[in-house]
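Below is one structure, written out as structure tokens, with a few remarks after it.
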Amino acid sequence: MDSNVRPESMERITTPALADAFIEEQVAALQKQIGDGKVLLALSGGVDSSVVAALLIKAIGKNLTCVHVNHGLLRKGEAEQVIDVFRNQMKANLVYVDATDRFLDKLAGVSDPEQKRKIIGKEFIDVFEEEAKKVEGCKFLGQGTIYPDILVSNGVKAHHNVGGLPEKFGFELVEPVKLLFKDEVRVVGKQLGLPDNMVYRQPFPGPGLGVRCTGAITRDRLEAVRESDAILREEFAKAGLEGKVWQYFTIVPDYRSTGVKDGKRLWDWPVIIRAVNTKDAMTATVEEVPWPLLNKITQRILTEVKGVNRVLYDLSPKPCATIEWE
Ligand code: XMP
């Protein structure tokens, strides 16, 4: 039987009890596959790699090494949460690499979106490879592949955060959630004790805030994206919209306009808010955010985020606009 095909008899994991049974079965299977070998895992903090990490910690403990690469394009608080959950709470072997300067130096002056993605992808693999060399005798590579990745990769690979790792290293793959759909991965993650904001996290592109700081990334504009995104998420959570709106974020384009503050003329950036709903990301509709909430977010961004003088709401559905701006 092809191990990449989900058997028809496999029950959909919808309840804690079914998740417990899956966890027990997978832990045993992982122990059998890995024995006393060592596993390396690129841990982004997204739900898929986090669930794989938690399963592997249960199965092989310290024989797992997680590598969390901070490319400087993460959302506010993300790296800190990965360290807190996996190193402090789950006692995992976690290597944290702050490669912010390295990524941002390589990206300086690069405005073409595809070029930016390529640089981020290549640099990620380079950093990961350097860390992999430091772990002696490691034969296995953990991956957060899920079933839709396999289905899509028959044709073109789905958006995958770190493409190309396995071929390059010649590791044996360890992919415990590869037959699960996203909603099942979440039920399993919850049962493994991962925090809600990790388990129900909205989709986040591999190149991170880099695709939302359009054009050539600068540190100050990137900061404006990160801070405005944090405000948006905080206010959506307070308004009870977390987990209800599929994806929401801010964009800061490489474009300035005039403004005025305290009698002084400004020449600053706009922040664009995007909030969309979709089933499969192929088409999307725009969330009808209540006006008072938009107003509140606007006021906070204009007072708390440096270098910004306008806030706009993106009303464009997909098609013809894509969800991301790059
Ligand atoms: P678009 O912008 O194509 O986005 O309408 C559809 C979904 O894919 C996410 N996305 C990405 N995810 N790497 C990723 O891992 C990427 O380069 C990337 N670009 C877009 C996007 O956030 C949305 O959920």
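The values are calculated or read from the model by the stated rules, or taken from the named source; none is laboratory data. Source: prediction; values computed, not measured. All Cβ positions, even for glycine, are placed from backbone atoms using ideal geometry, and neighbour counts span all protein chains on display.
State yes or no: is D36 part of a helix (DSSP H, G or I) and of a type in the set (D, E, K, R)? No: the conditions fail for D36.
Among helices (runs of 4 or more DSSP H) entirely within segment 75-145, having at least 2 residues that are of a type in the set (K, R) and at pLDDT below 95 singles out 113-134.
None of I251, I301, I231 is among the hydrophobic types (A, V, I, L, M, F, W, C), surrounded by 16 or more Cβ atoms within 10 Å (Cβ to Cβ), touching a residue at least 60 places away in the same chain (Cβ under 8 Å) and out of contact with any strand residue (DSSP E or B) (no Cβ under 6 Å at 6 or more places or on another chain) except I231.
For P292, state whether it is within 18 Å of Y313 (Cα to Cα) and either of a type outside the set (D, E, K, R) or in the same structural domain as A53 (by TED's automatic domain parsing) (or both). Steps first, please.
Values: within 18 Å of Y313 (Cα to Cα): yes; either of a type outside the set (D, E, K, R) or in the same structural domain as A53 (by TED's automatic domain parsing) (or both): yes.
When the stated conditions are applied, P292 passes them.
Working only within segment 297-326, note down all residues that are aliphatic (A, V, I, L, M) and within 16 Å of the ligand (Cβ to nearest atom).
Within segment 297-326, the subset aliphatic (A, V, I, L, M) is 297, 301-302, 305, 308, 311-312, 315, 321, 323.
Selection gives L315, A321, I323.
Checked against the criterion of being within 16 Å of the ligand (Cβ to nearest atom), of a type outside the set (S, T, Y), surrounded by 17 or more Cβ atoms within 10 Å (Cβ to Cβ) and farther than 29 Å from D183 by Cβ, segment 268-283 contains one or more residues that satisfy it.
Screening segment 262-315 for residues that are in contact with a helix residue (DSSP H, G or I) (Cβ under 7 Å, 6 or more places away or on another chain) and in a loop (DSSP other than H, G, I, E, B) and picking the one that is nearest to E234 (Cα to Cα) gives V305. Scanning segment 204-239 for residues that are more than 14 Å from the ligand (Cβ to nearest atom) and outside any helix (DSSP H, G or I) returns G215, A216, I217, T218, A239.
Within segment 180-196, does at least one residue satisfy the condition of being at positive phi and more than 16 Å from the ligand (Cβ to nearest atom)? Taking every residue of segment 180-196 in turn, at least one turns out to be at positive phi and more than 16 Å from the ligand (Cβ to nearest atom).
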